[in-house]
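The next block holds one structure in the form of structure tokens; read it before the comments.
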Amino acid sequence: MSGISRLVAAVAAAALALTACGSGGGADAGAPSATGDAASGAFPVTVEHKYGSTEIKAEPKRIVTLGLSDQEPVLALGSKPVGVVDWFKERPYGNWPWTKELWGDTQPEIVGERDDVSMEKIVALKPDLIVAVYSGLQQEHYDTLSKIAPVVAQPKGFVDYGAPWQDQTKHIAKALGKSEKAQELVDGVAKRFADAKAAHPEWQGKTAVVADSFKPGQYSAFAPTDPKAIFVKELGFTLKDEIGTLAGEMNVAEFSEERMDLLEADRVIWLTSDLAAQERVKGVEAYQRLKVTSEKRDLFLTYMDPPIGASMSFNTVLSVPYGIDQVVPLLEKVQN
């Protein structure tokens, strides 16, 4: 986190000053706080993570989330973070339809964009818990942040930004004393997928590719390990092994127009930035020659307006149900 690196020394001094001033109250009397009730007798709790373990002695009231989507499990579990980072460079507390009701009129402090955060803002918020689960938090930054408040880092067993939404939700829930609630939420989303799959047996065994194109002549197909591909798999489709082989350790397989054959499948689902990008892809001669194209078995979705692609990319316990509600009816219209 480059923003953290520049401020390591400053944080130690700021944290000492904060301790000297006492821990009561926040930086802003009107700042949001936790609203959900933790399970009776849940605390203290100890959360194991990538950098060891963290003890949370009492129910957190002032939570700062540094993971790109960590605010959403916190919201789903009944608490409102006082500070968040901005991933899509949109207002994270009011823009997404799947979180708007939960945020209400609350506006948390934006402490950074993606992995570039402001330590001064974090210190000023006087958090009693810092959550950095869907993140690239490094040991030195974990140590620095721990001088401010208990820090819950990435769960063990996953690469950075690699924990599935189920594990993200449960990992954060343990720190909030709400593991039972988290399991209910995870089971509820699993049932939504199961119901969609059961209602569409015609999708079973059909191959699918999720693709994108950020600029002319450059194309990407998401690997089977990418959340967007996993989303489609959960609906009953089969992912192409060739895409995963080509992607290697990356989450996407990148290719040019000469390899448009990689998109030959029973379904191709495009995620694009806007309608202009869709028309550009549709106009590529090599794409027009594909059977999946001529038989109209492709589906074009946008990241924004509506934010279907964003819901699949955010990949949280809140965004996934929204994605199911949006994608399933559109897939139903695609010819078999």
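Summary table below
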read-out: Charged-residue dipole, Cβ positions (Lys, Arg, Asp, Glu), the stretch 59-126 about Cα centre, Debye nearest 20; value: 180
read-out: Alpha-carbon Debye profile of the stretch 170-278, log10 I(q)/I(0) at 0.10, 0.15, 0.16 Å⁻¹; value: -0.39, -0.75, -0.81
read-out: Helix 319-332 axis, angle to the chain major axis (alpha carbon atoms, nearest 10°); value: 10
read-out: Gained length - Glu180 relative to Arg289, 0.36 nm times residue gap less alpha-carbon distance; value: 34.1 nm
read-out: Cα Rg over Rh - the chain, Kirkwood; value: 1.01
read-out: Residue among Pro307, Gln154, Gly205 farthest towards the positive dipole end of the chain, charges placed on Cβ; value: Gln154
read-out: With Cα atoms, 0 to 90° folded angle of helix 8-21 axis to the chain main axis; value: 50
read-out: Cα Rg, Dmax, the stretch 95-206, angstrom units; value: 17.6, 55
read-out: R0 of 51 Å, Cβ-Cβ distance Ala58-Arg259: FRET efficiency to nearest 0.05; value: 0.35
read-out: Relative contact order (%) - criterion: Cα under 8 Å, at least six apart; region: the stretch 187-336; value: 23
read-out: Helical contribution to [θ] at 222 nm, DSSP H n ≥ 4, -39,500 (n - 2.57), averaged over the chain, rounded to 500; value: -10500 deg cm²/dmol
read-out: Mean Cα-pair separation over length for the chain, i.e. relative contact order, pairs under 8 Å, 6 or more apart, %; value: 16
read-out: Extension gain, Phe43 back to Gln139 (0.36 nm per residue minus Cα-Cα distance, nm); value: 32.0 nm
read-out: Using alpha-carbon coordinates, inclination of helix 179-199 to the longest axis of the chain, degrees; value: 10
read-out: Contact order relative to length of the stretch 256-336, as percent, for alpha carbon pairs under 8 angstrom and 6 or more apart; value: 30
read-out: Lys/Arg +1, Asp/Glu -1 at C-beta; the chain dipole; positive extreme among Leu246, Pro108, Val268; value: Pro108
read-out: Pairs beyond 31 Å (Cα-Cα), from Lys240/Lys282; Lys57/Lys156; Lys121/Lys228; Lys89/Lys174; Lys147/Lys170; value: Lys121/Lys228
read-out: Among beta bridges that DSSP assigns inside the chain, antiparallel share in %, nearest 5; value: 40
read-out: Peptide ranges 230-237, 283-290 listed from the most packed, as the mean C-beta count within 10 angstrom indicates; value: 230-237, 283-290
read-out: Cα centre as origin, Lys/Arg/Asp/Glu Cβ charges: the chain dipole, Debye; value: 380
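No lab work stands behind these numbers, since they all come straight from the coordinates. Given the structure is predicted, the values throughout are model-derived calculations rather than measurements. Glycine also receives a Cβ, built like all others from the backbone with ideal geometry; neighbour counts cover every protein chain displayed.
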